[in-house]
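The values are calculated or read from the model by the stated rules, or taken from the named source; none is laboratory data. From a predicted model like this one, the values you see are computed outputs, not experimental measurements. Here Cβ is always computed from backbone atoms with ideal geometry, including for glycine, and neighbour counts include all displayed protein chains. Please note that ligands, DNA and RNA were not included when accessible areas were found on the heavy atoms of the full protein model with its side chains. Shrake-Rupley method; radii C 1.70, N 1.55, O 1.52, S 1.80 Å.
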Amino acid sequence: MSYPPQPSAPAPGAPPVPGAAPGPVPGAAPPAGPPPGGGYSSPIPIVRTHLGHAFASEWTKIRSVRSTMWTLGVMLLLVVGVGFLIALAMSSDDWVGAPLLSGGLFGLMLGQICIVTLGVLVITSEYGTGMIRTTLTASPQRWRVLAAKAVVFFVLAFVLTTAACAITALVHSAVLGGQTVPEYELDSSTFKDSVSDSGELIATGSQWFDATVGAALYVSLLGLLALAVGAILRHSAGAITTMVGFILLPLIIALFMQAESLREVQRKLIEYSPLSGLASLFGIPFFDDASVGGWGLLGLLAAVTGGMLLLAFALLSKRDV
């Protein structure tokens, strides 16, 4: 058996063979290859990450999932829609006996559940899908991930809730602004500064601020507390149930405390409940002689939220994922 002849390398100084592959050009730089040692060199430039990258990452996540659109859309519909219906129901030439912007409370009581739900889902949805492992692998500084989630969620919730409250307040001012305050109400603490020179019901600057910025701050803090509870429990249903219980349970328990010996406990449960703080910001506190007002209860809620966030930071850095 015979084999075909194999091409041999040209001798030095011999002319090039037609059809042969080009060889290295004498004097040219050698082609790029693996770095010394044989390691991989990525063509992507290496950039040191910082908190701004975490903000951008969390903003991309929160605006690209459907739960955000649904929860915030329903919140806007409830706050503005229910507020508009309440304004229509209270529209009358007769005196209805309520502060001008107080009707916005009822829609916000329902809308706050949407903010609380979104706050929980911001963190627990990643645990449910396993995405949290990828997130913490990309950002080993775990505190940075939770801080970015908290800031992005709080700013988004605060801006949209303030807008919803402002629209509702404008509707109530336009519909109910012409009511005449009767003389027997002029000396009451509720309407003392809410009457114009012509005797019509008005809203002061502080009432506008409380019913818009104050109420939105209160609801956003509740949502931030829900995010902290979600980071601690790492379970959506458990965290949402805990937050709904935190909001409603004090009033429900107080309803069953009818014994005379429990009157003081019943009063404290109602006075310090989350709904009491929200009602006080709309000028309709549950007790006229309450020892703490709406901004005092908002400060208490901020302290509780800060404590729960610190616990969430500690557990996130300690636990395995």
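Observations, loosely collected:
- Backbone geometry of region 97-106 corresponds, through the Karplus equation with coefficients 6.51, -1.76 and 1.60 at θ = phi - 60°, to 3J(HN,Hα) couplings of x, 9, x, 4, 9, 5, x, x, 5, 5 Hz, x marking Gly and Pro.
- Farthest toward positive dipole pole in region 169-216 [+1 Lys/Arg, -1 Asp/Glu at C-beta], among Val195, His172, Val213: Val213
- For the chain, accessible area per residue (1.4 Å probe, heavy atoms of protein chains only), Å²: 57 Å²
- For Val195, the residues whose amide H sits under 5 Å from its own are Ile202, ignoring neighbours fewer than 5 places away on the same chain, with H placed 1.01 Å from N.
- Positive-end residue of Ser280, Leu108, Val292, charge dipole of the chain with Cβ unit charges: Leu108
- Relative to the Cα centre, the charge distribution of region 160-233, modelled as +1 at Lys and Arg Cβ and -1 at Asp and Glu Cβ, gives a dipole magnitude of about 460 debye.
- Relative to the dominant Cα principal axis of the chain, helix 142-176 is inclined by about 40°.
- Degrees, to the nearest 10: 51-64 long Cα axis against longest axis of the chain: 70 degrees
- Value at 222 nm in deg cm²/dmol, rounded to 500, when DSSP H runs of n ≥ 4 in the chain each add -39,500 (n - 2.57): -20500 deg cm²/dmol
- Taking other residues whose beta carbon is less than 11 angstrom from the beta carbon of Ile123, and scoring Lys, Arg as +1 and Asp, Glu as -1, yields +1.
- Structure-derived volume of the Cα convex hull per residue in Å³ - corresponding label in [x] 173; [y] 288; [z] 139: [y]
- The magnitude of the dipole of region 180-286, with charges of +1 and -1 set on the Cβ of Lys/Arg and Asp/Glu and taken from the Cα centre, is near 780 debye.
- Accessible heavy-atom area order of Leu77, Leu156, highest first, probe of 1.4 Å: Leu77, Leu156
- Basic side chains Lys and Arg get +1 at the Cβ, acidic Asp and Glu get -1 at the Cβ, and with that the dipole of the chain about its Cα centre reaches some 2240 debye.
- Between the Cα long axis of helix 294-318 and the first principal axis of the chain there is an angle of about 30°, rounded to the nearest 10.
- When the residues Thr68, Thr190, Thr129, Thr134 are ordered by accessible surface, computed with a 1.4 Å probe over the protein chains alone, the sequence from largest down reads Thr129, Thr134, Thr190, Thr68.
- Residue separation of Leu51 and Thr190 scaled by 0.36 nm, minus their Cα-Cα distance, works out to 45.4 nm of gained length.
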